Amino acid sequence: MMLIPCPHCGPRAAAEFTFERPLESIVPLDATPAEAVERLYTRENPRGPSWELWRHAYGCRGWIKLLRNTATHEIAEAAAIEGAA
Amino acid sequence: MKRYSAFNLFRGGLDGHKGWTRAWRAPEPKPHYDVIVVGAGGHGLATAYYLAKVHGVKNVAVLERGWIGGGNIARNTTIVRSNYRLPELQAMLELSLKLWEGLGDELNYNLMFSQRGALFLGHSDSDMTRLAERGDALRCNGIDAELMTRAQVAKLIPLLDMSPDARFPVYGGLIQKRGGTARHDAVAWGYARAADALGVDVIQNCEVTGLNIVGGKVVGVKTTRGDIGAGRVGLCATGGSTKLAAMAGLKLPIECHNLQAFVSEPVKPMIDTVIMSQSIHCYISQSDKGEIVLGGDPDMYPTYAQRGMSMRIEEVAAQAIALVPALSRLRMLRSWAGTTDMSFDGSPIIGTTPVDELYLNAGWCYGGFKACPGSGWLYAHALAKGEPHPVAAPFSLDRFATGALIDEAGVGPMPHHR
């Protein structure tokens with residue numbers, strides 16, 4: 001099981017977190033329809049490092065972002081999201 | 001191809017079984033094929049078989065990076081059923097189920113296909129309403145479905161916890177009696193052997209490293225065993241779809257997740273039906289070897305690791321034991337995980353791509369095993385005729401942009417939200 005370093009709470013078990021989506025697929029409010037489709041419905045889907053949006057759902061409930069390797073599950077960076085936590 | 005039969009088995013006994021030949025050849029790649037299928041899993045091999053058998057396209061190669069039976073065809077819970085809710089999926093999976101019936105004879109390979117019945121449990125009044133609605137939808141389209149009362153379910157599966165304080169009370173169920181299980185890797189071996197006998201080259205240890213595209217049209221593939229020319233190329237490699245499509249400059253509506261399953265030590269026959277609960281998400285069946293096969297939710301985050309998280313094993317085991325308390329004393333033998341192509345409406349993609357002569361079969365989420373024959377049948381049609389089979393037409397790559405989604409579970413663009 002992954003140990004996820006929550007920027008607010010410190011290292012916690014993955015069971016406390018929920019994956020939301022890769023950062024690339026966040027749709028800006030002023031996106032054109034084509035851009036929204038691209039962001040919502042296509043993915044880089046990398047095998048390797050990927051910036052992702054997670055939530056410490058069963059902890060501080062804050063949104064966080066992780067640079068996580070999808071092949072090894074290693075987490076290289078974890079950061080709070082300004083104004084969202 | 002030497003035919004498998006009781007007579008040949010008996011005759012083999014007389015000469016020490018020295019007369020058996022290998023089940024398929026190990027050919028060197030030819031310089032050019034009419035059709036190249038990338039990925040020799042259940043879907044790819046079925047595609048090649050039906051190309052040769054139904055459409056007479058025999059100059060076909062199936063390229064496999066690893067070995068046959070090393071991917072998701074051997075990483076599933078072996079359940080076969082067609083009892084979906086939406087008409088598009090019903091048509092596709094019923095076509096598949098009809099092909100399953102009689103497939104062992106057709107391929108001359110024992111697939112151990114067992115139509116033991118696939119039962120959804122209902123745990124509340126609203127579950128039963130939902131199951132009745134699904135049953136009606138199925139029966140309207142001529143697919144077998146029977147709603148069962150609590151007493152009928154108790155009689156069918158005596159080991160279910162029917163006590164008043166059961167953790168997941170059983171209100172009834174919906175059964176598809178034609179559903180069941182099959183021997184997973186035999187499906188790959190059976191299709192490989194039958195396709196090979198029709199002249200298809202099944203080439204293992206041959207990884208596709210690039211696509212040769214000239215003027216917007218694919219003309220061949222680059223591989224670890226050299227360039228191979230092709231009239232048409234069909235991508236069919238779950239877990240590798242994103243990487244392969246990127247070789248053609250395409251970005252797919254796919255995210256790769258993990259799906260786990262595990263088996264117990266073998267025990268005497270105790271469960272002769274496939275038990276499924278979709279409201280808690282637990283799958284229980286017993287293999288012919290006697291192992292109890294368990295499956296549950298995917299791991300809910302993107303990964304290519306092919307190994308699951310322990311939390312899921314604990315969760316599925318807890319659900320299975322709550323449903324069938326007799327399982328509590330069993331020890332688990334093995335667990336495994338497969339990389340699934342999660343699409344953004346939960347349904348697969350079969351058809352054309354923006355690149356001429358390049359076709360795509362991907363996005364089967366966690367339901368690809370049951371679809372092997374049907375997927376192969378439909379994909380072979382597309383690769384032979386150059387246009388999708390009518391049953392496959394709704395499963396086009398462009399449906400995400402046009403909004404014509406086929407969203408069985410109503411999850412929207414979040415494949416991991418159930």
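From the Cα gyration tensor of the stretch B:71-230, with a ≥ b ≥ c the square roots of its eigenvalues, which class applies: rounded if a/c is under 1.5, or else prolate if a/b is larger than b/c, or else oblate? Prolate, since a/c reaches 1.5 and a/b exceeds b/c.
The mean number of partner chain beta-carbon atoms within 10 angstrom of a residue's beta-carbon across peptide A:3-16 is 1. For the options B:Gly44, B:Gly172, B:Gly102, a Gaussian network treatment of chain B with springs between C-alpha atoms closer than 10 Å singles out B:Gly102 as fluctuating the most. Label zone (B:Ala393, point 7 Å along Cα-to-C-beta; backbone nitrogen cut-off 20 Å) within the stretch B:70-110: B:86-96. Please build a GNM for chain B, connecting alpha carbons under 10 Å apart, and tell me which residue among B:Asn83, B:Asn361, B:Asn108 fluctuates the most. For chain B, modelled as a Gaussian network with Cα springs under 10 Å, the answer is B:Asn108.
Shown in residue order for the stretch B:165-182 are the 3J(HN,Hα) couplings computed by the Karplus curve 6.51 cos²θ - 1.76 cosθ + 1.60 at θ = phi - 60°: 9, 4, 4, 10, x, 9, 8, x, x, 10, 10, 10, 5, 7, x, x, 9, 9 Hz (x for Gly and Pro).
Only helices enter this figure: runs of n ≥ 4 DSSP H residues, each worth -39500 (n - 2.57), summed and divided by the residues of the protein assembly as shown, yield -7500 deg cm²/dmol at 222 nm to the nearest 500.
Leaving out ligands, DNA and RNA but keeping every protein chain, what accessible area does B:Tyr4 have, in Å² rounded to the nearest 10, with a 1.4 Å probe? Taking all protein chains as shown, B:Tyr4 has close to 80 Å². Computed from the Cβ-Cβ distance with R0 of 45 Å, the FRET efficiency linking B:Glu28 to A:Ala76 stands at 0.55.
I need the calculated FRET efficiency for the pair B:Lys251 and B:Ser5, taking r as the beta carbon distance and R₀ as 35 Å, to the nearest 0.05. Working from the Cβ atoms, E equals 0.10.
For the options B:Pro158, B:Pro394, B:Pro348, a Gaussian network treatment of chain B with springs between C-alpha atoms closer than 10 Å singles out B:Pro158 as fluctuating the most.
For B:Leu211, the amide hydrogen comes within under 5 Å of the amide hydrogens of B:Lys222, counting only partners 5 or more places away or on other chains and with H modelled in the peptide plane. Counting Cβ atoms of other protein chains within 10 Å of each residue's Cβ and taking the mean over peptide A:30-43 gives 4. Figure note: B:Leu244, B:Leu156 ranked by solvent-accessible area, largest first, 1.4 Å probe, ligands and nucleic acids not counted: B:Leu156, B:Leu244. The slack in the chain from B:Lys222 to B:Glu101, taken as 0.36 nm per residue of separation less the alpha-carbon distance, amounts to 39.8 nm. Other protein chain C-beta atoms within 10 Å of residue C-beta, averaged over B:296-307: 5. Full extension of the chain between B:Lys289 and B:Lys268 yields a length gain of 6.7 nm, computed as 0.36 nm times the residue separation minus the alpha carbon distance.
Take the Cβ atoms of B:Cys140 and B:Val54, set R0 to 35 Å, and the FRET efficiency comes out at 0.75. Find which of A:Pro22, A:Gly62, A:Pro11 sits farthest along the positive direction of the dipole of the stretch A:3-85, computed with +1 on the beta-carbon of Lys and Arg, -1 on that of Asp and Glu, about the Cα centre. Going by the Cα projections, it comes out as A:Pro11. Backbone geometry of the stretch A:38-53 corresponds, through the Karplus equation with coefficients 6.51, -1.76 and 1.60 at θ = phi - 60°, to 3J(HN,Hα) couplings of 4, 6, 6, 10, 10, 9, 5, 6, x, 9, x, x, 8, 7, 10, 9 Hz, x marking Gly and Pro. Beta bridges assigned by DSSP with both partners in the protein assembly as shown are antiparallel in approximately 75 percent of cases. Annotation: aspartates and glutamates with alpha-carbon distance below 18 angstrom to B:Lys30 (same-chain offsets under eight excluded): B:Glu64, B:Asp196, B:Asp201, B:Glu207, B:Asp227.
Quick check: from the Cα gyration tensor, does the protein assembly as shown come out rounded (a/c under 1.5), prolate or oblate?
oblate
Rounded to the nearest 20, the size of the Cβ-charge dipole of chain B about its Cα centre is 1060 debye, with Lys and Arg at +1 and Asp and Glu at -1. Over 19 Å apart at the Cα level, from the set B:Lys243/B:Lys370; B:Lys217/B:Lys251; B:Lys98/B:Lys155, are B:Lys243/B:Lys370; B:Lys98/B:Lys155. Measuring with a 1.4 angstrom probe and ignoring ligands and nucleic acids, B:Arg11 comes out at about 120 Å² accessible. For the pair the stretch A:1-45 and the stretch B:110-155, the centres of their Cα atoms are 36 angstrom apart. Over chain B, one equal point on each Cα, no solvent: what is log10 I(q)/I(0) by the Debye formula at q = 0.09, 0.10, 0.13, 0.15 Å⁻¹? Cα-only, vacuum Debye calculation for chain B: -0.55, -0.68, -1.13, -1.43. Backbone amide hydrogens, once placed in the peptide plane, bring B:Asn59 within less than 5 Å of B:Asp34, excluding anything fewer than 5 places away on its chain. The 3J(HN,Hα) values that the Karplus relation (6.51, -1.76, 1.60; θ = phi - 60°) gives for the stretch B:118-123 are, in residue order, 10, 10, 8, 8, x, 10 Hz. Gly and Pro appear as x.
The values are calculated or read from the model by the stated rules, or taken from the named source; none is laboratory data. Note that the coordinates shown come from a computational prediction; the quantities given were computed from them, not determined experimentally. Here Cβ is always computed from backbone atoms with ideal geometry, including for glycine, and neighbour counts include all displayed protein chains. The protein model used for the area step is the full one, side chains on, heavy atoms only, and it has no ligands, DNA or RNA in it. Shrake-Rupley method; radii C 1.70, N 1.55, O 1.52, S 1.80 Å.
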